[in-house]
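A.B. asks: Please see the structure below; I have some questions.
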Amino acid sequence: MAIIEAKRLTKIFGADPKKAIPLLDKGWSKEKILAETKLTVGVNQADFAIEEGQIFVIMGLSGSGKSTLVRLLNRLIEPTHGQVLFKGSDVVRMSPEQLRTFRRKHIGMVFQKFALFPHRTVLDNVEYGLEVQGIAKKERKEMAMQSLELVGLKGWANSYPDELSGGMQQRVGLARGLASDPDILLMDEAFSALDPLIRKDMQDELLELQSKMKKTIVFITHDLNEALRIGDQIALMKDGSIVQIGSPEEILMQPANKYVERFVEDVDLSKVLTASHVMVKPETITLEKGPRVALQFMRDREVSSLYVIDKSSKLLGVITADEASRAIKEGLKLEHVMDQEAPTTGPDTLLHELFELMSNSKYPVSITDENGRLKGIVIKGAVLAALSGNSVNEGGERHESA
């Protein structure tokens, strides 16, 4: 269920901005509207829905409208037209008092600039929003300490901002945004001012926090790799308009137009796509079938190996035609001849992490879940197809070799 929705959400800058709305309805471009009316289109009729617990990334180049759009969601910028629905209530129609309550209780914000008070301690900075809300000192201190503990800064509560590194200061900003336990966290270019290594660490920390908190996060960035790494859904903007919304895989593999194609053309797919994107259905056999049935299965299915599983689909090993033949001749059972050391990994393993596994094994890599159940296999052809930008022919690949 969507926790927040935008419906034809529009922002026009300039005198008498509403006169541009019918022009947008006619399909006028941002450039034409500026030339004819001297009005600037900040956001052009944005439509999207964000599910609860989702990281929704809004990305685009400078001037695309992404920061304007995120500020429309909490009315730091007043919309010219359209709706922002929070659990069905229109934020655009809220009275000043209702809006204050919405901002204080339901929505938090983390900015690119840390915006910390230099004369206040880390704890006092995190408490600030709670203090503004009028929460009692003892209670807000407890809430702020819990928030600092979440971001790993409990031991720095009495330090001052100038005693912290850039990454630590941004974690203070994140703690402040989390302190009031908001339903939605808006993060506007939150990591953009950080050095690349610190930035990656912060992305890791955000994902780890999200695995515990399950917050709804709207994350603004101009960095495609960052968007692909942390986003559940991505909205790509150009000239105030959303040109495509989709999962990271959909953005990469099914670009909506030439602009999106150019935007993603230099992405290293091996560091974005996971094993689950390229795995295919394996040929399997249960242990009790025996080597004769295994060999017949291989002949019928025109493969040279089978994946041995139990009745709950837990992977036990791999049996080859040669080993099945040997078992028949020597009167052995499958468990005596199957290879139990075949490489396995999880469905979220990135493709570039599979290369070494694949190069050191004569079998395709097995993909198993947390209980060891076989979900699929990854063959070299599927990986190469994905890295070349082609979709995998699910279930249609043979796996005679790795």
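Where a number appears in this text, it was derived from the coordinates with a stated rule and is not lab data. In this text, all values refer to a predicted model and were calculated from it rather than measured experimentally.
A.B. asks: Give, in nm to one decimal, the length gained when the segment between Asp239 and Phe117 is fully stretched (0.36 nm per residue of separation minus the Cα-Cα distance).
C.D. replies: Contour length minus Cα-Cα distance gives 40.4 nm.
A.B. asks: Measure nothing fancy, just the Cα-based angle from helix 290-301's long axis to the longest principal axis of the chain, in degrees from 0 to 90, nearest 10.
C.D. replies: With rounding to tens, the tilt is 70 degrees.
A.B. asks: Let me ask another. How many percent of DSSP beta bridges within the chain run antiparallel, rounded to 5?
C.D. replies: In the chain, DSSP labels about 60 percent of beta bridges as antiparallel.
A.B. asks: At 0.36 nm per residue, and after removing the present C-alpha to C-alpha distance, how many nm does the segment from Lys137 to Asn257 gain when stretched out fully? Walk me through the numbers on the way to the answer.
C.D. replies: Numbers: separation 120, 0.36 × 120 = 43.20 nm, distance 5.35 nm.
Here the answer is 37.8 nm.
A.B. asks: Could you give the angle, 0 to 90 degrees to the nearest 10, between helix 166-178's Cα long axis and the longest principal axis of the Cα atoms of the chain?
C.D. replies: 80
A.B. asks: Name the long-range amide H neighbours of Ile3: under 5 Å, sequence gap of 5 or more, or other chain; modelled H, no Pro or chain starts.
C.D. replies: So Ile3 has HN proximity to Ile50, Glu51, Glu52.
A.B. asks: How high is the relative contact order of the chain, in percent, with contacts defined as C-alpha pairs under 8 Å that are six or more residues apart?
C.D. replies: Normalised by residue count, the contact order of the chain is 15 percent.
A.B. asks: Can you flag which of Lys7/Lys214; Lys26/Lys214; Lys138/Lys214; Lys137/Lys212; Lys38/Lys66 are past 31 Å Cα-Cα?
C.D. replies: From the list (Lys7/Lys214; Lys26/Lys214; Lys138/Lys214; Lys137/Lys212; Lys38/Lys66), the Cα-Cα distance tops 31 Å for Lys26/Lys214.
A.B. asks: What label, among (i) 5, 19, 22, 20, 16, 11, 6, 2, 0; (ii) 4, 17, 23, 19, 13, 8, 6, 5, 4, 1, 0, 0; (iii) 5, 23, 32, 23, 10, 4, 2, 1, 0, 0, belongs to P(r) over Cα pairs in 10 Å bins from 0, in percent computed from the structure on display?
C.D. replies: Step by step, P(r) over Cα pairs in 10 Å bins from 0, in percent for this structure corresponds to label (i).
A.B. asks: Right, another one. Collect residues whose amide H, placed 1.01 Å from N in the peptide plane, falls under 5 Å from the amide H of Ile55; neighbours closer than 5 in sequence don't count.
C.D. replies: Here the answer is Ile217, Asp232, Gln233, since their amide H atoms fall under 5 Å of that of Ile55.
A.B. asks: Taking amide H positions as placed 1.01 Å from N in the peptide plane, with prolines and chain starts having none, which residues 5 or more places from Lys314, or on another chain, fall under 5 Å of its amide H?
C.D. replies: Residues meeting the criterion, in which the H sits 1.01 Å from N, are Leu374.
A.B. asks: Let me ask something else about it. Taking springs between alpha-carbon atoms closer than 10 angstrom, which of Ala46, Ala342, Ala235 fluctuates most in the Gaussian network model of the chain?
C.D. replies: Ala342
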